[in-house]
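Peer 1: Encoded as structure tokens, here's the structure I'll be asking about.
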Amino acid sequence: MKFEGRTVNEWRKVIGRYFDAQTTDEEESALKRFLVSPEAAGREFDEARAVLGFTTVGRRLCHARRRTALRRRIAGYSAAASVALVIAFSGWAVYSGRNQCVAYINGVKCTDEDVVMAEMRRSMREMGATASSADIGATLGDMFETMDEFKE
């Protein structure tokens, strides 16, 4: 009898080469097909069937473990990337929220950057003019008198 162009004796030789680890992937695939065919029925090929079945199951388990490990690794990287994005976004939100000019001019809150900066420059000029024209005691007196006015 012939299966895929080989006789049973030729398949025995292929099985011998398989056990010596000298077969190609194509020969192994053909050997698997032969071992499940009616031509290989009987106890003569049980050992080869058992070993090929064992290696096939082992390969499937190994590939399944690799896929599981890959999925876990991808999930870990995804989680790390998500955490990094949340931290980066939070940092940006906090920084952009704090980077705002605010001044209270005559008791009114002002957030217009141009107005706040102009008021700051005006105040700095007044402080410079006061410091150059008056002595320290008078300047401190003016500051504390202003605070006393707010207490009343």
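The values are calculated or read from the model by the stated rules, or taken from the named source; none is laboratory data. Since we're looking at a predicted model, the values are computed, not measured. Ligands, DNA and RNA are stripped out before the accessible areas are found, and what is left, the full protein with its side chains, is counted by its heavy atoms. Shrake-Rupley method; radii C 1.70, N 1.55, O 1.52, S 1.80 Å.
Peer 1: In 5 Å bins starting at zero, report the fraction of Cα pairs in region 1-132 per bin as a rounded %.
Peer 2: Percent of pairs per bin, in order: 2, 8, 10, 10, 6, 5, 4, 4, 4, 4, 4, 4, 4, 3, 3, 3, 4, 4, 4, 4, 3, 1, 1, 0.
Peer 1: Heavy atoms of the protein only, probe of 1.4 Å, neighbouring chains included. What is the accessible area of Met127 in Å², nearest 10?
Peer 2: Met127 has an accessible surface of roughly 120 Å² with all protein chains in place.
Peer 1: I would also like to ask the following. Write down the accessible area per residue of region 63-108 in Å², having rolled a 1.4 Å probe over the full set of protein chains.
Peer 2: Per residue, region 63-108 has 91 Å² of solvent-accessible surface.
Peer 1: Using a 1.4 Å probe, how large is the accessible area of Ile74, given in Å² and rounded to the nearest 10?
Peer 2: 90 Å²
Peer 1: Expressed as a fraction of 2.2 N^0.38 Å, the rule-of-thumb size for a compact globular protein of N residues, what is the C-alpha radius of gyration of region 11-85?
Peer 2: In units of the globular-protein estimate, region 11-85 measures up at 1.72.
Peer 1: On to the next question. For Lys109, Lys32, write out the residues from largest to smallest accessible area, computed with a 1.4 angstrom probe and no ligands counted.
Peer 2: Lys109, Lys32
Peer 1: Got a number for the accessible area of Trp92? Probe 1.4 Å, square angstrom, nearest 10.
Peer 2: 150 Å²
Peer 1: Quick one: length gained pulling Met124 to Gln22 fully straight, 0.36 nm per residue minus the C-alpha distance?
Peer 2: So the extension gain works out to 27.7 nm.
Peer 1: Give me the number: length gained by fully extending Leu85 to Asp46, i.e. 0.36 nm times residue separation minus the C-alpha to C-alpha distance, one decimal in nm.
Peer 2: Contour length minus Cα-Cα distance gives 8.3 nm.
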